[in-house]
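These notes concern the structure reproduced below.
Each value in this text was obtained by applying a stated rule to the coordinates, not by laboratory testing. As the structure is a prediction and not an experimental result, all values here were calculated from the model. Quick reminder, even Gly has a Cβ in these numbers, built from the backbone with ideal geometry, and neighbours come from all protein chains shown.
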Amino acid sequence: MASTRAYLQFILEQLSNLDDITYRAMMGEYILYYRGRIVGGIYDDRLLVKPTKSAIAYMPTATYELPYEGAKEMLLVTEVDDKAFLAGLFTIMYEELPEPKLRKKK
């Protein structure tokens, strides 16, 4: 099941207090970026984030779920109605997120 554009727009509105939130559509789902780094994504109308140490500490009762078959487990964010919670989560995760990989020139 693919994610809906309406759910993407809802999540983007919830993250509107943060600067530089972007996304990329990929196979019916959406990858979310914060300040150029991949923080997670929207999969089957669920917000999932990378299981960084800070995210695990911030959401100690979060469950691990697969975004799609064969993928690594990610943390399910259930507090999507709380703008301050989401802003705090993305902010504390930022330093632990890997830098974007540079593409080689052809």
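Key figures for this structure:
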| quantity | calculated |
| --- | --- |
| Whole-Hz ³J(HN,Hα) from phi, Karplus 6.51 cos²θ - 1.76 cosθ + 1.60, for the stretch 70-78, glycine and proline x | x, 8, 6, 5, 10, 8, 7, 9, 9 |
| Percent RCO, i.e. relative contact order, over the chain, from Cα pairs under 8 Å lying at least 6 residues apart | 26 percent |
| GNM flexibility winner over the chain from 24, 35, 46 (Cα, springs under 10 Å) | 24 |
| The stretch 1-70: GluC sites (Glu not before Pro) in DSSP coil with no more than 13 other Cβ atoms inside 10 Å | 69 |
| J(HN,Hα) series, the stretch 82-92, from Karplus relation 6.51 cos²θ - 1.76 cosθ + 1.60, nearest Hz, glycine and proline x | 9, 4, 5, 4, 5, 4, x, 4, 5, 5, 6 |
| For the chain, radius of gyration divided by Kirkwood radius, i.e. Rg to Rh on alpha-carbons | 0.95 |
| Residue 73-residue 102 FRET efficiency (beta carbon distance; Förster radius 22 Å; 0.05 resolution) | 0.20 |
| Rounded if a/c under 1.5, otherwise prolate or oblate - the stretch 30-85, Cα gyration tensor axes | rounded |
| Helix-derived mean residue ellipticity, 222 nm - over the chain, DSSP H n ≥ 4, -39500 (n - 2.57), to 500 | -7000 deg cm²/dmol |
| Full-extension gain in nm, residue 18 to residue 2, via 0.36 nm per residue minus C-alpha separation | 3.2 nm |
| Of 8, 23, 48, farthest towards positive along the dipole that unit charges on Lys, Arg, Asp, Glu beta carbons give the chain | 23 |
| Within-11-Å neighbourhood charge of residue 100 [Cβ basis; K, R +1; D, E -1] | +3 |
| Proximal lysine pairs, the chain, alpha carbons under 22 Å, eight or more residues apart or interchain | 7 |
| Chymotrypsin sites (Phe, Trp or Tyr not before Pro) restricted to DSSP loop in the stretch 31-95 with at most 13 other C-beta within 10 Å | 68 |
| Simple Cβ-charge dipole of the chain, Lys/Arg +1 and Asp/Glu -1, about Cα centre, in debye nearest 20 | 800 debye |
| Built amide H within the under 5 Å cut-off of residue 30, gap 5+ | 42 |
| The stretch 58-98, dipole about Cα centre (Lys/Arg Cβ +1, Asp/Glu Cβ -1), debye to the nearest 20 | 60 debye |
| Of 59, 70, 85, farthest towards positive along the dipole that unit charges on Lys, Arg, Asp, Glu beta carbons give the chain | 70 |
